[in-house]
Amino acid sequence: MGIPMELQEWVPYIIVLGAAAAILLLLGARRRLLANAAPDKPGVPIGNGQTIGARDEQDDYFSSVTTPHGTAAVLADGISGLAHGRLASTIAVTVFIREFLKLSDIRDVHDYFAKAAKVSNSEILQQLQGAPGGTTLVAGVIAGDWLYWAAVGDSVIMVFRDGEFIRMNEKHTLESVLQERCLAGELTKEEAIDHPLRKRLVNYLGYEHFARMEMGSEPFDLRPGDRVILCSDGVYNTMTEVELEAILSQPISPNDAAEEIIEAIEAKGLANQDNATIVIVDHD
């Protein structure tokens with residue numbers, strides 16, 4: 001049976017009204033679903049800054065990622081005295097992020113660090129095929145109120161708390177070995193300080209005799225207001241603790257703090273300025 005002539009002129013309006021009603025129903029259903037859904041946990045405040053300095057190439061590389069298990073921040077400083085530093089740092093950070101995404105239980109974080117170090121060292125050596133290359137690396141995982149960390153080389157991971165720096169890792173350089181020999185009475189303090197190779201790395205990724213990552217035996221208990229700092233030696237060799245403290249103590253975002261630190265480094269205009277990279281993670 002056909003539509004009466006008197007109703008045909010209303011058909012377009014009926015169709016539009018029907019479509020509008022359907023859209024309103026869908027929007028209402030969407031709002032109810034969103035209201036009932038648990039909100040996504042926001043990521044921790046994180047910022048970074050980087051400068052190439054006076055180098056021809058940027059050998060530093062960094063990345064971060066947040067999963068249900070926590071936030072991982074990784075920074076690597078390719079060894080500029082060797083070829084392929086950029087390649088090594090990029091591989092190392094990529095592997096550490098990739099392996100963290102596979103982590104199924106935060107209690108396995110130490111196994112994660114050890115596996116990521118072993119895999120990245122092997123991948124770097126495989127890519128280099130006998131050519132010289134390598135990288136330092138620091139990695140931090142913030143899970144709740146805990147900081148898990150691992151490091152190799154002379155990049156630094158530390159916590160800035162109430163105007164003080166709490167260092168997590170040791171530098172894996174000949175300088176550390178010389179200091180131990182000095183304490184053992186095998187060298188004088190002057191001999192240790194004046195040694196021409198004191199800053200040479202003794203352990204790094206991409207090294208055939210790579211030993212292992214240094215890791216915190218226990219997680220570090222973070223407090224509200226703590227700032228977790230990862231940086232390459234281009235930062236701490238240029239900025240004094242007093243200069244860093246002045247910036248980090250300001251009530252500014254981690255990204256603004258990182259950028260201000262890099263601006264201060266560049267403002268010094270050092271002729272031999274190394275690549276400098278810093279990552280800051282705030283703990284609320």
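The values are calculated or read from the model by the stated rules, or taken from the named source; none is laboratory data. Keep in mind that this is a model prediction, so the values were computed, not measured. Because the Cβ atoms are built from the backbone with ideal geometry, glycine has one as well, and the counts that use them run over all protein chains shown. Accessible surface areas use protein heavy atoms only, side chains included; no ligands, DNA or RNA. Shrake-Rupley method; radii C 1.70, N 1.55, O 1.52, S 1.80 Å.
Before moving on, here are some points about what is shown:
- Heavy atoms of D221 accessible to a 1.4 Å probe, total area in Å² rounded to 10: 80 Å²
- Nearest-0.05 FRET efficiency for T67 and I252, computed from C-beta distance (R0 41 Å): 0.90
- Computed extension length for A264-Q127: 45.7 nm, one decimal, from 0.36 nm per residue of separation with the Cα-Cα distance subtracted.
- The GluC sites (Glu not before Pro) of the range 195-271 that DSSP puts in a loop, and whose beta carbon has at most 13 other beta carbons within 10 Å, are E208.
- Distance from the range 209-284 to the range 43-96 (C-alpha centre basis), Å: 13 Å
- For the range 46-283, fraction of C-alpha pairs farther apart than 22 Å, in %: 52 percent
- Of the residues F160, F165, the one with the largest accessible area comes first in the ranking F165, F160, computed with a 1.4 Å probe on protein heavy atoms.
- Heavy-atom accessible area for I252, with the other protein chains in place and a 1.4 Å probe, reaches approximately 50 Å².
- Probe 1.4 Å - accessible area at M168, Å² to nearest ten: 30 Å²
- Expressed per residue, the C-alpha convex hull volume of the range 231-284 stands at 74 Å³.
- Positive contributions from Lys and Arg (+1) and negative ones from Asp and Glu (-1), summed over other residues with Cβ under 11 Å from the Cβ of K118, come out at -1.
- Scoring 268-276, 229-237 by mean Cβ neighbours within 10 Å over their residues and listing the highest first yields 229-237, 268-276.
- Taking the range 46-283 and dividing mean pair separation by its residue count, relative contact order in percent (alpha carbons under 8 Å, at least six apart): 28 percent
- Between K102 and E170, the simple label model (points 7 Å from Cα in the Cβ direction) yields a spacing of 3.0 nm.
- Accessible-area order (highest first, 1.4 angstrom probe) of the listed residues V279, V65, V242: V242, V65, V279
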